[in-house]
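Visitor: Starting off with a structure, shown below.
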Amino acid sequence: MFLETCRNEFKDTTSYWIQQTLNFSCFEDGLAGYKTWEKDGWKCSYSLLEGISGIGLVLLSYLENSQQTWDEIFLLS
């Protein structure tokens, strides 16, 4: 949203949540330190929506610092 609006509130919020995401990497036996909460407890997940694949893509998008076309990935546009 920052790239669309250039409002610093969105840039600050993005930085906050990226830092929080990095802080969530705390599991010794998780995928890159991450696990997903399911009804039976914490599980390792490779999925795009809830797992390490999605986390990795978000972090790569942040580092790229350019307009992303996530809507196209999910066939929303």
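Visitor: Leu31's amide H: which non-local residues (gap 5+, or another chain) put their own amide H closer than 5 Å, with H modeled 1.01 Å from N in plane and none for Pro or chain starts?
Guide: Result for Leu31 returns Ser45.
Visitor: Relative contact order of the chain: what whole-number percent is it, with Cα pairs under 8 angstrom and at least 6 residues apart?
Guide: 16
Visitor: In Å², what does the accessible area per residue of the stretch 20-77 work out to with a 1.4 Å probe?
Guide: So the stretch 20-77 comes to 78 Å² accessible per residue, rounded to a whole number.
Visitor: Moving to a separate point now. Taking amide H positions as placed in the peptide plane 1.01 Å from N, state which residues far from Trp42 in sequence (5 or more) or on other chains have amide H under 5 Å from it.
Guide: Close amide H contacts, sequence-distant or interchain: none at all.
Visitor: Still on this structure, please answer the following. On a full-extension model of 0.36 nm per residue, what is the gain between Cys44 and Ile18, subtracting their alpha-carbon distance, rounded to one decimal in nm?
Guide: 7.3 nm
Visitor: For the stretch 22-30, what does the Karplus curve 6.51 cos²θ - 1.76 cosθ + 1.60, with θ = phi - 60°, yield as ³J(HN,Hα) per residue in whole Hz, taken in order and with x for Gly and Pro?
Guide: 3J(HN,Hα) across the stretch 22-30, in whole Hz: 5, 5, 6, 7, 10, 9, 4, 9, x.
Visitor: Follow-up question, since we're still on this one. At a 1.4 Å probe, what is the % contribution of carbon and sulfur to the accessible area of the chain?
Guide: Of all accessible area on the chain, carbon and sulfur atoms account for 57 percent.
Visitor: How large is the dipole of the chain about the Cα centre if only Lys and Arg carry +1 and Asp and Glu carry -1, each at its Cβ, rounded to the nearest 20 debye?
Guide: Magnitude of the dipole: close to 100 debye.
Visitor: Specify the longest stretch of the chain that does not include any exposed loop site, a site being one of the chymotrypsin sites (Phe, Trp or Tyr not before Pro) with a non-H, G, I, E, B DSSP assignment and at most 13 other Cβ atoms within 10 Å.
Guide: 47-73
Visitor: Taking the chain, which trypsin sites (Lys or Arg not before Pro) meet the DSSP loop condition and have no more than 15 other C-beta atoms within 10 Å?
Guide: Arg7, Lys39
The values are calculated or read from the model by the stated rules, or taken from the named source; none is laboratory data. Keep in mind it's a predicted model, so treat the numbers as computed, not measured. As a convention, Cβ positions derive from the backbone with ideal geometry for all residues, glycine included, and neighbour counts pool all protein chains shown. Keep in mind that these areas ignore ligands, DNA and RNA; they rest on the heavy atoms of the full protein, side chains included. Shrake-Rupley method; radii C 1.70, N 1.55, O 1.52, S 1.80 Å.
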